[in-house]
Amino acid sequence: MMYEGNINKLYLIKVAKWFMLTMPILLLFYQDLGFTVEESFQLKAIYSIAIVIFEIPSGYAADVLGRRRTLIIGSILGFLGFAIYSLTSGFYAFLAAELVLGIGQSFISGADSALLYDSLKADGRAKDYLKYEGRNFSVGNFSEAIAGFLGGALAELSLRMPFYFQTGIAFIAIPAAFLLVEPQLYTRTQKATWLDIWNVIKYAMVENKSLRYNIIYSSIIGSATLTMAWVYPLYLKEIGFREIQIGSTSTVLNLIVGMTTLAAYKIEQKLRPKSTVIGTTVVITGVFIAAGLLHSIYVLPVLALFYFSRGIATPVLKDYINRITSSEMRATVLSIRSLIIRANFSILAPLFGYMTDRLSLSQAFVIIGAIFMVLTGSSIFLFLRSLQKNESV
């Protein structure tokens, strides 16, 4: 168990990354400064665009230079991004902060899961990845759950107060990343070139059909869960929730995700892949439309069902990708998935803001839900066929 210590350090990085005091109140903070909903989502789109630009190069850097080094870079940038938020004001200052945070996120995304898988594989426990990925995801969601309530409480004092505390929390990831030990599963003798990166993209998205369908479908579901995480605070604010109530709701929802991910591998084994995929897809896409039609406090149990499905889908879909991806390109492949998620979000988030400002929040929920229904409907059958093929091999 030479690399056992990496697991706890990755948990610390996950806590620093997911203990988001600012997330439940960020859009409310923007509105308090006079930003429109469209401008608010433009800032979040900039964050996603930064991830899109750096996601695959940083993922390839993780494969070539090492996961530990890229996690160190990402942790430092995460700290700097929140420091900028804490010390500045205005659209362009926040734009700079979002760029730094986006680049930092791209260096962590994929590398953390790849290091977890390779650490387990080096210790002869690769079969336990889904269990530990579920635990890692649960740690993140429990952190986000606690942070939701605390962020809402701090926002009652000042909407800027959560940012000061967030900067200190982001710093925790830096020493944790420095203390990681890199598993040596293969020899890194190649130099990173754009041609090498392109070859991995070509393999994942063109040559390997099973991997392509896994990435596309998983990315659409990831885009839907990311979108909901940012838009539901606006929904709750519109139906009369205060900041601390929004934070408390965030706590409950993330506790649901955290508890569900602990048992995700057992649920998937019991339901089997096909039923798991179809069930989570129907819920995740349908809740957007249901929320738009309800527009009342009765949306809370609907959101709870959404977050339960998210807790199953996220670790399970990642595991499907890891099973058919080799170690030397795992971080890059996971980064392709994250890139598509962020690319989708960078388009859909400003669109959601545009519809909210010009139509209504309820109509925006219904339309965005219909879009996700079309996207999942166009990819789910090819994805299920690839799962059946891989199970039979």
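On the accessible surface of segment 100-173, probed at 1.4 Å, how many percent belong to carbon and sulfur atoms? Don't skip to the end; give the middle numbers.
Numbers: 1560 of 2320 Å².
Reported share for carbon and sulfur atoms: 67 percent.
Shape of segment 201-251 from its Cα gyration tensor (a ≥ b ≥ c, root eigenvalues): rounded if a/c is under 1.5, otherwise prolate when a/b > b/c, or oblate? Please report the intermediate quantities before stating the final value.
On the way: a/c = 5.87, a/b = 4.56, b/c = 1.29.
It is prolate, given that a/c is not under 1.5 and a/b is the larger ratio.
Roughly how many Å² is the accessible area per residue of segment 1-77, as a whole number, for a 1.4 Å probe? Let's see the in-between values first.
Details: 2640 Å² over 77 residues.
Accessible surface, normalised per residue, equals 34 Å².
Expected output is a single nm value to one decimal: the length gained when fully extending between GLU328 and ALA370, i.e. 0.36 nm times separation in residues minus the C-alpha distance. What is it? Please report the intermediate quantities before stating the final value.
Values: separation 42, 0.36 × 42 = 15.12 nm, distance 3.78 nm.
Between GLU328 and ALA370, full extension yields an extra 11.3 nm.
What trypsin sites (Lys or Arg not before Pro) does segment 216-316 have in DSSP loop regions with at most 14 other beta carbons within 10 Å?
On the way: sites: LYS237, ARG242, LYS266, LYS270, LYS274, ARG310; in loops: ARG242.
Passing sites in segment 216-316 are ARG242.
Grab the beta carbon distance between LEU305 and LEU95, set R0 = 25 Å, and tell me the FRET efficiency rounded to 0.05. Numbers along the way, then the final one.
Values: r = 35 Å, r/R0 = 1.42.
Efficiency computed from Cβ-Cβ geometry: 0.10.
First obtain the Kirkwood hydrodynamic radius of segment 1-139 from its Cα pairs, then insert it into the Stokes-Einstein equation at 25 °C and 0.890 mPa s, and state the resulting D in µm² per second as a whole number. Before the final figure, lay out the partial values.
Details: Rh = 16.1 Å.
In µm²/s, the coefficient is 152.
In segment 213-301, what chymotrypsin sites (Phe, Trp or Tyr not before Pro) fall in a loop by DSSP, with at most 15 other Cβ atoms inside 10 Å?
On the way: sites: TYR213, TYR217, TRP230, TYR235, PHE241, TYR265, PHE288, TYR298; in loops: PHE241, TYR298.
For chymotrypsin sites (Phe, Trp or Tyr not before Pro) across segment 213-301 that sit outside H, G, I, E and B with at most 15 neighbouring Cβ atoms in 10 Å, the list reads TYR298.
Taking a threshold of 23 Å on the Cα-Cα distance, which of the pairs LYS209/LYS270; LYS270/LYS318; LYS9/LYS44; LYS121/LYS209; LYS131/LYS270; LYS17/LYS209 fall above it? Walk me through the intermediate numbers first.
On the way: LYS209/LYS270 27 Å; LYS270/LYS318 18 Å; LYS9/LYS44 28 Å; LYS121/LYS209 25 Å; LYS131/LYS270 15 Å; LYS17/LYS209 32 Å.
The answer is LYS209/LYS270; LYS9/LYS44; LYS121/LYS209; LYS17/LYS209.
Looking at the square roots a ≥ b ≥ c of the eigenvalues of the Cα gyration tensor of segment 316-393, which shape do they give, rounded for a/c under 1.5, prolate if a/b is larger than b/c, or oblate? Can you show the working numbers first?
Details: a/c = 4.54, a/b = 1.95, b/c = 2.33.
Cα axes put segment 316-393 in the oblate bin.
Running a GNM on the chain with Cα contacts under 10 Å, which residue among ARG330, ARG342, ARG160 ends up with the highest mean-square fluctuation?
Maximum fluctuation in the GNM of the chain, among the listed residues, is at ARG160.
With every protein chain present, what is the per residue accessible area of segment 184-307 (1.4 Å probe, Å²)?
Numbers: 5720 Å² over 124 residues.
Result: 46 Å² of accessible area for each residue.
Run a plain Debye calculation on the chain (Cα atoms as equal point scatterers, no solvent) and give log10 I(q)/I(0) at q = 0.07, 0.08 Å⁻¹, rounded to two decimals, same order as the q list.
Scattering profile of the chain, log10 relative to I(0): -0.29, -0.38.
The values are calculated or read from the model by the stated rules, or taken from the named source; none is laboratory data. In this text, all values refer to a predicted model and were calculated from it rather than measured experimentally. Because the Cβ atoms are built from the backbone with ideal geometry, glycine has one as well, and the counts that use them run over all protein chains shown. Note: accessible area is taken over every heavy atom of the protein model, side chains too, but ligands, DNA and RNA are not part of it. Shrake-Rupley method; radii C 1.70, N 1.55, O 1.52, S 1.80 Å.
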